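Here is the structure we will look at.
The values are calculated or read from the model by the stated rules, or taken from the named source; none is laboratory data. This one's a predicted model, so the numbers in the text were calculated from it and none came from an experiment. Virtual Cβ from ideal backbone geometry, glycine too; neighbours counted across all protein chains shown. Each accessible area value is taken on the protein alone, full model and side chains, heavy atoms only, with ligands, DNA and RNA left out. Shrake-Rupley method; radii C 1.70, N 1.55, O 1.52, S 1.80 Å.
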Amino acid sequence: MAAEFGPPDIVVGTPGIEVPSAGNDMWFSPQMPTNLAEERCIKAVQVKPRGDAKAVVHHANSSVEFLNEDGEYERYGQLTEYAMGKLGEIIPDGVCRVIPPDSYIRWDIHMYPGGLGATAVNDVIEGNVVDLGIWLHPADYEYEYKQDLSLYGIREGELVMPPHGTAMTQGFKSFDHPVRIDSFQPHGHLRLRSASLEIFYPETGRTEIIGMVSNWSAVWHQSHIYEDDVAPLIPAGAVLVMKQWFDNTAANPNNPDPDQWVDGGSRTADEMSHAWIALTHLDEEGYDRLVEERKEKAKIIS
């Protein structure tokens, strides 16, 4: 991100924590201030574990909190989600992912002692720190619609795999207003093999595949960002269909032990089934305008 945007406007780091060379999964949930004086719109965001910490930080989720009138910390929304290998997120021009003033970052960091993947060092990681870089638009940045990032669970289908077995899960989500999908990031662990994102149109019965991730690797999560001209436009009432396929057999090169039962859970040895999706929330007027603009561009190209 720094190569494209220069140094971040805000850097929020975690306190250091020691991660042993072996043992059970660990979780760490510190809270750190942003020291932001006014509400701003985010241009880009990136999370980076420092040095060898990248071998042991399984994921590092960050949400935004603020102090409410009762003096209690209240969740404002999700800022970003880091998982092993992720490069970062860029928010499209003309929309705003808001970060409020005097806000705090609440971390949810999952660490895997001993490391995972080719970068594993199988050693003690001292002073393990995760940094969050935020690039901001100017204070007078103008926008029409807001964007948010949310976790969408994929819960239809029992995520239990017997030894040498497979599983498939799917989930559904619809909205009472039009939306644009700006990015798609499936999440799983060692037995996930592929994931898809589809749109089902009830009025016509048509299904459209708008995203597919194959040959999954748990050490190479990415936020798949759509270009502005092709970011899927979803009319009100259409249904997002999210699917994931899991393989607990010896044919899966990422599977550490096909003789084990695998259930859904938070440990690295368990599996997860969800997707992080960034959405711009539109109104009917904005949706119709974007559809017409794309039709006009298609005429010019043809």
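From the set of residues in the range 172-182 that are open to solvent by less than 10 Å² (accessible area, probe 1.4 Å) and not β-branched (Val, Ile, Thr), which is farthest from residue 94 (Cα to Cα)? Among residues in the range 172-182 that are open to solvent by less than 10 Å² (accessible area, probe 1.4 Å) and not β-branched (Val, Ile, Thr), the one farthest from residue 94 (Cα to Cα) is 178. Pairs are defined by a Cβ separation below 6 Å, a sequence spacing of at least 6 or placement on different chains, a first member in the range 126-143 that is of a type in the set (S, T, N, Q), and a second member that is buried (at least 18 other Cβ atoms within 10 Å of the Cβ); the pairs so defined are 128/19; 128/53. When residues in the range 12-45 are screened for being more than 14 Å from residue 134 (Cβ to Cβ) and under 19 Å from the mean Cα position of the chain (by Cα), 3 of them pass.
If I go through the range 90-112 residue by residue, how many of them are under 22 Å from residue 32 (Cβ atoms), of a type in the set (D, E, K, R) and not in a strand (DSSP E or B)? Of the residues in that region, 1 qualify.
Mind listing just one residue for me: the one in the range 241-265 that is polar (S, T, N, Q) and buried (at least 21 other Cβ atoms within 10 Å of the Cβ) and, of those, farthest from the chain's Cα centre (by Cα)? Looking at residues that are polar (S, T, N, Q) and buried (at least 21 other Cβ atoms within 10 Å of the Cβ), I get 248. Evaluate the following for residue 3: is it without any contact (Cβ under 8 Å) to a residue 40 or more places away in the chain, aliphatic (A, V, I, L, M) and loosely packed, with under 12 Cβ neighbours inside 10 Å? Judged against the criteria, residue 3 is a match.
Scanning the range 118-138 for residues that are open to solvent by less than 70 Å² (accessible area, probe 1.4 Å), at pLDDT below 95 and either assigned to a loop (DSSP other than H, G, I, E, B) or in contact with a helix residue (DSSP H, G or I) (Cβ under 6 Å, 6 or more places away or on another chain) (or both) yields a total of 7. Taken over the range 27-78, residues that are of a type in the set (D, E, K, R), assigned to a strand (DSSP E or B) and exposed (fewer than 12 other Cβ atoms within 10 Å of the Cβ) amount to 2. Among the numbered conditions (1) open to solvent by 40 Å² or more (accessible area, probe 1.4 Å); (2) assigned to a loop (DSSP other than H, G, I, E, B); (3) among the hydrophobic types (A, V, I, L, M, F, W, C), the only one that residue 200 does not meet is (2). Selection of the range 227-240 for residues being modelled with pLDDT of 95 or more and either over 19 Å from residue 273 (Cα atoms) or surrounded by 19 or more Cβ atoms within 10 Å (Cβ to Cβ) (or both) yields 231, 232, 233, 234, 235, 236, 237, 238, 240. Take the residues of the range 79-89 that are assigned to a strand (DSSP E or B) and not aliphatic (A, V, I, L, M): which is nearest to the chain's Cα centre (by Cα)? Only one residue tops the list, namely 81. Scanning the range 151-171 for residues that are outside any strand (DSSP E or B), open to solvent by 30 Å² or more (accessible area, probe 1.4 Å) and farther than 14 Å from residue 275 by Cβ gives 157, 158, 162, 163, 164.
Could you say which residue among 251, 218 is touching a His at 6+ places or on another chain (Cβ under 7 Å), assigned to a loop (DSSP other than H, G, I, E, B) and either modelled with pLDDT under 95 or under 30 Å from residue 162 (Cβ atoms) (or both)? Walk me through it before giving the result.
Working: 251 fails: touching a His at 6+ places or on another chain (Cβ under 7 Å).
That would be 218, the only listed residue that is touching a His at 6+ places or on another chain (Cβ under 7 Å), assigned to a loop (DSSP other than H, G, I, E, B) and either modelled with pLDDT under 95 or under 30 Å from residue 162 (Cβ atoms) (or both).
Residues that are in a loop (DSSP other than H, G, I, E, B), open to solvent by 10 Å² or more (accessible area, probe 1.4 Å) and closer than 28 Å to residue 175 by Cα within the range 266-279 comprise just one, 272.
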